[in-house]
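What follows draws every value from the coordinates through simple rules; no lab data is involved. Here the structure is a predicted model, which is why all the values come from computation and not from measurement. So basically every Cβ, Gly included, is an ideal-geometry build from the backbone, and we count neighbours across all protein chains shown.
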Amino acid sequence: MPTYISKITDLLGSQGTNLDELWQPASMMMGMPFLAFLSVVAVGFFASRVAASYTSRLRSDIFNRVLDCSQTEIKKFSIPSLLTRTTNDITQVQMLITMGLQVVTRGPIMAIWAIGKILGHSEY
């Protein structure tokens, strides 16, 4: 963004600048947030799909594990405890996976982009 703002400022400061010359950096400035929005939506979608798939298998495994337990083993756990473990705890794991994947995918991309921008400008 700062690059495009400086281009627009330079164009506005120079004599004989027409509107067509301003549209190129302005359209790039308007396009960048749209692309960022699309990438955030895509990363969120795929992260939630992965988390939902994992927790679905986890719920199934817990359910089958409880079915394999004897009555004496089930009595060691209370019914509310089993419900909490199969709903709330797994939902917390799902949120952890979703948020973790979003950070893990977005972080390196932003770091590589920032390093590229820094190396691209010799005045830094």
- Pseudo-spin-label distance Ala36 to Leu22, built 7 Å along Cα→Cβ, given in nm, is 2.3 nm
- In whole angstrom, how far apart do the alpha carbon centroids of the range 78-124 and the range 1-26 sit? 37 Å
- Task: Enumerate the aspartates and glutamates that Lys76 could reach by cross-link, defined here as Cα to Cα under 17 Å, with residues fewer than 8 away along the same chain left out.
- Result: Asp68
- Query: Just for the Cα atoms in the range 73-124, what are the lengths along the principal axes, largest first, rounded to whole Å?
  - Reply: 70, 14, 12
- Project the alpha carbons of the chain onto their principal axes and report the range along each, largest first, in whole Å. 88, 29, 18
- Determine which lysines satisfy two conditions relative to Lys117: a Cα distance under 23 Å, and not lying fewer than 8 residues away in the same chain. Lys7
